[in-house]
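Let me begin by presenting the structure, written as structure tokens, before commenting on it.
The values are calculated or read from the model by the stated rules, or taken from the named source; none is laboratory data. Remember, it's a predicted structure, so these values are computed and weren't measured experimentally. Cβ sites come from the backbone with ideal geometry, for glycine too, and all protein chains shown count toward neighbours. Note: accessible area is taken over every heavy atom of the protein model, side chains too, but ligands, DNA and RNA are not part of it. Shrake-Rupley method; radii C 1.70, N 1.55, O 1.52, S 1.80 Å.
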Amino acid sequence: MASPSHPPPDHGSNSVETRSPELRKDPVTNRWVIFSPARAKRPSDFKSKSPENPNPKPSSCPFCIGREHECAPEIFRVPVDDPNWRIRVIENLYPALNRNLETQSNQSGTDRSIVGFGFHDVVIEAPVHSIQLSGIDPVGIGDVMIAYRKRIEQIAKHDSISYIQVFKNHGASAGASMSHSHSQIMALPVVPSTVSSRLDGTKDYFEESGKCCLCEAKAKHFVIDESSHFVSVAPYASTFPFEVWIVPKDHSSHFHHLDDVKAVDLGRLLKLMLQKIAKQLNDPPYNYMIHTSPLKVMESQLPYTHWFLQIVPQLSGVGGFEMGTGCYINPVFPEDVAKVLREVSLA
């Protein structure tokens, strides 16, 4: 996020050719990003080279209604016990972690190795194969958010779990192995290093300014749209082209504290952002991730921990420089992204 005392210059979208490269450090991700507009065309010209085409229903999709017996075990459905379900939460058939190892998790392992206990679930977002998340109404997307919340609350009862990641891969190049609209939940017995780094960054900003850097995310140059309870922004030091964050306006450390009214409000803004990205960027594959706080976050950390939802359209690959340094090159300034997406008309 931009420091309130150092707002960025108000660049026009046609000034790309004359813009100098710039390095920015984001206190949220704790990462340096190189903005190099000379490596790209105008922000309004970005398009996906591999759009996600509408997917016809395959003859053997186990996520479609009526094929429930072909899936891994069901955890719950919405509505409960209704054969005409709208959302199903199931175990992942090929889990990265084993939910049956909890009794052993404290009996073996070293500082560098522990038993691979955890949860890996799938949230089937619609019963019909042709429906994508952006095609569901805001209340329906809100119900998906509520399903996330319910599953997180269930998993959080396990003392061995430290962090829960909700994510969605849309499109094969974004990592989706199934074309039926779905998202995933992974619960880990450790706090990943990226999450720890995020906490360190937000702590440093808080100690320097006395403010939560995500509460400060509403600088006018970066805002795209807002709803009653959320604001969508192109982050000050965005790692990827056309990256968008949806941030709660009120300070909130954990996603699973989201109430039903705010869930629908989030669904409305998420739908709008996905539709704008699809229209502006030629329906690209994308990922979204919900960045929440560790379950066992200390009370002293609450003033500077603030959850948010990150959307990343898949427009460019990651090269050796990025992998070697952890420093990314972004060819488009976020204030230009915000301007372009603000002006997208869905009429």
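A few remarks follow.
- Residue match in segment 183-201 (condition: assigned to a strand (DSSP E or B), among the hydroxyl-bearing types (S, T, Y) and closer than 29 Å to Q154 by Cβ): yes
- All positions within segment 199-219 that are farther than 23 Å from L295 by Cβ and surrounded by fewer than 19 Cβ atoms within 10 Å (Cβ to Cβ): E207, E208, S209, G210, K211, E216, K218, A219
- Yes/no for R149 being in contact with a His (Cβ under 6 Å, 6 or more places away or on another chain) and outside any strand (DSSP E or B): yes
- Close pairs from segment 61-89: first in contact (Cβ under 8 Å) with a residue 40 or more places away in the chain, partner among the acidic types (D, E) and in a loop (DSSP other than H, G, I, E, B), Cβ under 8 Å, at least 6 apart: I87/E125
- Selection status of A263, touching an Asp or Glu at 6+ places or on another chain (Cβ under 8 Å), open to solvent by less than 10 Å² (accessible area, probe 1.4 Å) and within 21 Å of S196 (Cβ to Cβ): no
- Members of segment 220-258 found to be farther than 18 Å from R342 by Cα, open to solvent by less than 30 Å² (accessible area, probe 1.4 Å) and of a type outside the set (V, I, T), listed by number: A237, P248, S252, S253, H254, F255, L258
- When residues in segment 304-347 are screened for being in contact with a helix residue (DSSP H, G or I) (Cβ under 8 Å, 6 or more places away or on another chain), closer than 30 Å to P189 by Cα and surrounded by fewer than 17 Cβ atoms within 10 Å (Cβ to Cβ), 1 of them pass.
- Among all positions in segment 286-303, there is at least one residue which is touching a Pro at 6+ places or on another chain (Cβ under 8 Å) and crowded, with 18+ Cβ neighbours inside 10 Å.
- Taken together, the residues in segment 70-118 that are part of a strand (DSSP E or B), open to solvent by less than 40 Å² (accessible area, probe 1.4 Å), at pLDDT 95 or above and among the hydrophobic types (A, V, I, L, M, F, W, C) amount to 5.
- In summary, K276 fulfils each of the numbered conditions (1) out of contact with any strand residue (DSSP E or B) (no Cβ under 7 Å at 6 or more places or on another chain); (2) surrounded by 22 or more Cβ atoms within 10 Å (Cβ to Cβ); (3) under 30 Å from R67 (Cα atoms) with the single exception of condition (3).
- Any hit, segment 146-153, residues being farther than 17 Å from K262 by Cβ, in contact with a Ser or Thr (Cβ under 7 Å, 6 or more places away or on another chain) and touching a residue at least 24 places away in the same chain (Cβ under 8 Å): no
- Meets criteria (touching a residue at least 60 places away in the same chain (Cβ under 8 Å) and basic (K, R)) for K249: no
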